[in-house]
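The values are calculated or read from the model by the stated rules, or taken from the named source; none is laboratory data. Predicted, not measured: the structure shown is a model, and the values here were computed from it. Here the Cβ positions follow ideal geometry from the backbone for every residue, glycine too, while neighbour counts run over all protein chains shown. What goes into the accessible areas is simple: the full protein's heavy atoms, side chains included, and nothing from ligands, DNA or RNA. Shrake-Rupley method; radii C 1.70, N 1.55, O 1.52, S 1.80 Å.
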Amino acid sequence: MTKEYKTIREIAGPLIFVEKTEPVGYGELVHITLTDGSRKRGQVLDTSSNVVVVQVFEGTGGLNSECGVRFTGETIKLPVSGEMLGRILSGSGEPLDGGPGIIPDDKLDITGAAINPYARLPPKDFIQTGISTIDGMNTLVRGQKLPIFSGSGLPHNEIALQIARQAKVRGQGEEFAVVFAAMGITNEEAQYFMRDFERTGALERAVVFLNLADDPAVERLITPRLALTAAEYFAYEHEMHVLVILTDFTNYCEALRQMGAAREEVPGRRGYPGYMYTDLASLYERAGVVRGRKGSVTQFPILSMPGDDITHPIPDLSGYITEGQIVISRELHRKGIYPPINVLPSLSRLMNSGIGAGRTRDDHKAVSDQLYAGYAEGRDLRGLVAIVGKDALSDRDKKLLEFADMFEDRFVRQGVDEDRDIERTLDLGWELLSELPEALLTRIDNKYIQKYHPAHREKEEEKAVAPAAG
Amino acid sequence: MKGEIFRVSGPVVTVSGVKTRMYDVVKVGNEGLMGEVIGIEGEKSIVQVYEDTNGVKPGEPVENTGLSLSVELGPGLLKSIYDGIQRPLPLLLTKMGDFIRRGVSANGLDRTQQWEFKPTVKKGDTVSGGSIIGTVQETQNIEHRILVPPGVSGTVEEIKKGKFTVDQTVCVLNGGTELTMMQKWPVRKPRPVAKKLMPSTPLLTGQRILDGLFPVAKGGTAAIPGPFGSGKTVTQQQLAKWSDTDIVVYIGCGERGNEMADVLNEFPELEDPKTGRPLMERTVLIANTSNMPVAAREASVYTGITIAEYYRDMGYDVSLMADSTSRWAEAMREISSRLEEMPGEEGYPAYLAARLSEFYERAGKTNTLAGNQGSITVIGAVSPPGGDFSEPVTQNTLRIVKVFWALDAKLAQRRHFPAINWLNSYSLYTKAFSEWYGKNVSPEWEKLRDDAINLLQREAELQEIVQLVGSDALPEDQQLTLEIARMMREYFLQQNAYHEVDTYCSMHKQYRLLKAITSFGDRAGSALESGVPIKDVLALKSKNDLAKVKFEREFDKAIDGITAQMDDEFKKLQEAK
Ligand SMILES: Nc1ncnc2c1ncn2[C@@H]1O[C@H](COP(=O)(O)OP(=O)(O)OP(=O)(O)O)[C@@H](O)[C@H]1O
Ligand SMILES: [Mg+2]
C-alpha cells in the first residue's frame, strides 16, 4: 500500500497541487479519497522535489485540503481482454452496462508507444464503404486515419454509421471489430449510435467508451487513449481489423484548452495549447498496419468545425496529421442532398496506393481526376452565372454548369442504406462524364476512354454483337 | 559527477548537483535516458530529454557525459533510416520490437560491418582538416571519401589498406593521432568550409513548374509553404526522387509515420534517373514522426544538416529536404514554453528567426577544405496554421530563402497539381541561370519562359473581367488568350506525380512541350487575325492531342507527329477561308 498524503496546498480548476515527501513519477496515476469516502482519479502533470501537480479526471468538485492523495507508482493502464467485445464502458473505462468487471488478460499503458516507422507497412487495402464520393474520389484504405470534418446539425453521425455498416475489404472475410469512443457528445447522440449498433448486431463486435456531455471534461483526455489502446489490443493481439470511430474531437480539444488555461500556460493560436499538434498526433498516429502482424487500426474521427471554419485550429491541426479528410457541406445539406460530402476540400492521401488495376479498376484515378476537374469548374461558374446570367456563358461553360448539378444529384446523392460497389460508382462517373464533350476529358488517357466511355463501350458492344446478327 | 533530478515536466527535466555546459549530453534517471542541456539557472540545469519521461521521478540520478550532441559520420550513412538523434530505426526494431520504447541506445554507424579502405595518401604526406586520406565504395555509385576531421593536421606516419570497421585505425599522424573511418561532429556547429561561392547552376528536378518557372540553385535555398493537403510532401518526395543531385538527406520532422513507410517502400524500387541505381543508395532518411519525442524532433533537423555537410565536404552535391520546418519550430516552442521563457510572436521563442537563418545558412555552394566543390541545397516545407502565410515561421523563412514555391489550397482542391501558384511564387535565381539555360536547353528558352509567365499574368487580368461580364462578352483574341493560358496550365504546369511517365520530365521534354504550346498559340493568333473563327481553331485535333502528349512514353515521336499535324491543320484552316 502506498502512502496517503493530506497535503493538497492549492486547487485550481481541474488541478491540485500536492506538497509531498517522497518522489513521485511523471505521468503517474493518482487516487484521491474525498472526505465523504468517494474516490477520484488523476494523473501527475509536473513533479518536483517540492510540489506535484495533478490533473483530476472527474473534476475537482468536492475536493479540499482534507482529501487523501495516493500516488500509485504506475502510469494509467487499461485492463484488456477478448471479453471486452460487446461491452459498454465509461469514458474512464468502468463498465456502464451493468455487466461484470473486465477480468484482464493484460494491463496496457494507455499512452501507447509510437510505432517504429520502419515497422510500418504502407496501407493499401481498399475499403469499400459503398459511398460514391468516398470510394470513387476519396478512397479509404486499411490503416488510414480519415476524419470527417463536419459542423453542428450536419449528418456526420449518419455517415459514420453508414460507413461502419457497409465498410468491407472485398474478397476477404477477415475478422473485424469496431471501437467507438464518445467524447462529450450528448446522450441522445450516443443513443443514436447505440441503437444502430444494436439493430445491426454490430455491438457484439464492438467496444464502446462513453464520455458524455455531462461527464467531466478532463476525463475526455483519456477516453480516446483508452479506446485506441483497446483497438491496438484487438488489432495486434487478436489479429483483427479494427475500425475506430472517435467523436467529437472538438470536445476533446476544448478539454485540452481548459487544462492549458488551468495550468496558466502561454496559449497558442486562439487559446489552444501550443502542444496541441503533438497531442493530437499522439492519438491520430495510432492508426496503421504493422509489418508481420495481421490486424490493423483504421481511424474514423469525427470533428465539428467551429463556425464551419476549416482554418480553425481544431480541423487545421487535425488535417495536418490525418491522411486526408471528408468534408461535410452545409450548402449540400440545405439542398437536401445526402450524404452532403463536398469532394473539393475532401481528400484521401492514401487513395493512390489503394486504387487502380488489381485493386479497384484501372480507370479509377483518371475518372476521379476528371470528375474533380469538371465539378470544380462547374461550381465556379455558378458564381459567375449569378452575376452575368447563363446566356453570357460559352457552350463549354454551360455544359460544365450542368455537369456540376448532375454530379451532385446523381453521384453525390445516395440513400442512407444504398451500398454502391466500386464498379457501380465508376460507371456512374462515366455516365456523367459522357454528358461532356469528349475534348473536355483531358485528364483521361485515351485508352480508358476507348474502354469505358459509354459512347465507345456501346460501339465495342455493337461490334461484338454485329457478326452474330449478320 | 552525479547529480539528481529535481523536477520533471514532460520532456523538460530540471537537474541539480551536476556541473554542465550548454548542449552537454546528459543521461537522465534510472534508465539513463538521453537528454541535452538547454538552460542553466544557478546550480540547476534544464535538460530536454529525447525519450518519453513517463514514470521518471525526482531524486533519480543524472550523469553528465561532457559531450555535445553529435552524429557519427562515416561509411554506412547511405541507405540508413534514423530517428532524430541518429539511432538507426531498424536496429531499434530488433532491440525493442515494433513500438519505440525508451532507454535503448544505438550507434549511428554499425561497428561490425567492414569496409574496403583504399588509401589516397602515403607515408610522409601532410594532411589537415578536410583532406581526403582514402576512399570506400559505400554504394555502387557513391565513393565515400574519408576525411581528416576539421582541426586535425600532421604528417602521415602510417596508412593502412584493406578491410576495416569504422572504429579501427586506418591512419596514424605524427604525434600519434589515430584516424578511423568514422568521425563525430556536434550537430549544432556548422562544419567548416574553405570558401562560400555563388550558386550558378540549377538543380534540375524533373518538375516542370520548378525547373521551368521557378528554379532553385544547387547550393540554394527554397521554401515550400502551404496548407495541409496542398502538396508539400509530394513535392519534397518528387525532389528527393528526381533531382540531379549526388546525395539526398530527407528529414521527416514531426510528420506522418505512413509517409516514411512509403518512402522506405518506394525508394529501394525506384531508379536514380542519372545512374539507374536504386534511389535508396544515394539517400539518408531521418524519421522523427509527430508522435515520437518532441525534443528529438527538434534535434532531427540538425542531425540531417550535419550529415549533409559531411557529404558536401567530400565534394558532393547534396540536397536536403526538411518536412516540415514548422514542426521543428513548434518543437522549439513547446520546449521554450516548458522553460517558461518570454514568448515572442504567437508563442514562438524570440530566437526563432535566428535559428531558422542559422539553419538555412548551412546551405550553399562551397570550396571544401580539400579543395573540391560541394553544395547543399536546402528545401524546407512550411506548414502555416490555417494556410495563412503571414504567420511567423513562413515570414521568417521567406526573409531568408531565395526561392518561394507558394502552394495554393484552391488549386489543390481542383486537383491542379503541383498546386504551386504561378503568380505568387518566385525564384531569385532565374536571371543568374539565363546563360545556363541558353547553353544547355535552348537559346529560345528564356523567351519562351518569359512569354509563358506573361501569358499567365494576362490570364489573371482577363479573368477579373470575365467575372463581371462572362467569357462570351470578350473579343475573340482575348478569348483565345484565355484558351492558350488554359493550355499552358493544364498541359504544361500540371504534372501528375503518380503517372509513371509524367512524374519526371527532362529539360528537353519541357522545352519541346512549352515550344509546341507557344507555337500553337502564335498560329492560332494569326489564324484569328486572318478571320478564322475561334471555335474552328479550338476544335483542332492537334490541340486535343497536345493535352495528352506529356503522358506518351515515346514523347519525341509523338510531339513530332503533333507538330506536323498542327502545321497541316492551320494550313487547311487558312485555305478553307
Ligand atoms: N504533383 C502531384 N501530383 C499528383 N497528386 C498530388 C501532387 N501533389 C499533391 N498531390 C495530391 O495531394 C495530396 C496531398 O499532398 P501532400 O501530402 O504532399 O500534402 P502536404 O502539403 O504535405 O500536407 P500536410 O501539410 O498535411 O502534410 C496527395 O496525397 C496527392 O493526392
Ligand atoms: Mg505533408
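Quick notes on this structure:
- Counting, for every residue in B:286-294, the Cβ atoms of other protein chains within 10 Å of its Cβ and taking the mean gives 6.
- Summing Cβ point charges (Lys, Arg +1; Asp, Glu -1) relative to the Cα centre of region B:2-68 gives a dipole of roughly 180 debye.
- Between B:Met96 and B:Glu341, the contour length at 0.36 nm per residue exceeds the alpha carbon distance by 84.6 nm.
- Peptide-level mean, for B:86-95, of C-beta atoms on other protein chains within 10 Å: 2
- Above 28 Å, the calculated P(r) of region A:78-354 contains 30 percent of its Cα-Cα pairs.
- The alpha-carbon of B:Lys79 sits under 12 angstrom from the alpha-carbons of these aspartates and glutamates, leaving out residues fewer than 8 places away in its chain: B:Glu138, B:Glu281.
- Global form of the protein assembly as shown, assessed from the alpha-carbon gyration tensor, a/c cut-off 1.5: oblate
- Of the residues B:Tyr429, B:Gly257, B:Ser80, the one whose Cα sits farthest toward the positive end of the charge dipole of chain B, with +1 on the Cβ of Lys and Arg and -1 on the Cβ of Asp and Glu, is B:Ser80.
- Using bins of 10 Å that start at zero, the share of Cα-Cα pairs per bin across chain A amounts to 4, 18, 26, 22, 14, 8, 4, 2, 0, 0, in whole %.
- Dipole axis of region B:445-576 (+1 Lys, Arg; -1 Asp, Glu on Cβ), positive-most option in B:Leu456, B:Met566, B:Ala497: B:Ala497
- Among A:Tyr338, A:Gly356, A:Leu401 the positive-end extreme of the charge dipole of region A:286-422 (Cβ point charges): A:Gly356
- Highest average packing first - B:221-230, A:68-77, Cβ atoms within 10 Å: B:221-230, A:68-77
- For residues of B:412-418, the mean tally of beta carbons on other chains within 10 Å: 6
- With contacts taken as Cα pairs under 8 Å at a separation of at least 6 residues, region A:78-354 carries a relative contact order of 28 percent.
- As a length-normalised measure over Cα pairs under 8 Å and 6 or more apart, the relative contact order of chain A settles at 16 percent.
- Working ranking of peptides B:355-362, A:134-141, B:27-34, A:189-196 by packing, defined as the average number of other Cβ atoms within 10 Å per residue, highest first, is A:134-141, B:27-34, B:355-362, A:189-196.
- Only aspartates and glutamates eight or more places from B:Lys274 in sequence, or on another chain, were considered; those with a Cα closer than 13 Å are B:Asp244, B:Asp246.
- Prolate/oblate/rounded label for region B:197-428 (Cα gyration tensor, a/c 1.5): rounded
- One Cα centroid belongs to region B:525-553, the other to region A:151-191; the line between them spans 50 Å.
- Qualifying lysines (Cα of each under 25 Å from Cα of A:Lys399; at least 8 residues distant if same chain): A:Lys335, A:Lys365, A:Lys390, A:Lys447, A:Lys451, A:Lys459, B:Lys410, B:Lys535, B:Lys541, B:Lys543, B:Lys548
- Rounded accessible area of A:Thr33 (nearest 10 Å², 1.4 Å probe): 40 Å²
- Computed from phi, the 3J(HN,Hα) profile of region A:136-149 under the Karplus parametrisation 6.51, -1.76, 1.60 (θ = phi - 60°) reads x, 10, 9, 4, 9, 10, 5, x, 8, 10, 10, x, 9, 9 Hz, with x in place of Gly and Pro.
- Heavy-atom accessible area order for A:Ser353, B:Ser9, largest first, 1.4 Å probe: A:Ser353, B:Ser9
- The Cα center of region B:446-508 and the Cα center of region B:397-443 differ in position by 15 Å.
- Inter-part distance where region B:322-370 and region B:199-275 are each reduced to a Cα centre, Å: 21 Å
- Charge dipole (debye, nearest 20) of the protein assembly as shown; +1 at Cβ of Lys and Arg, -1 at Cβ of Asp and Glu: 2380 debye
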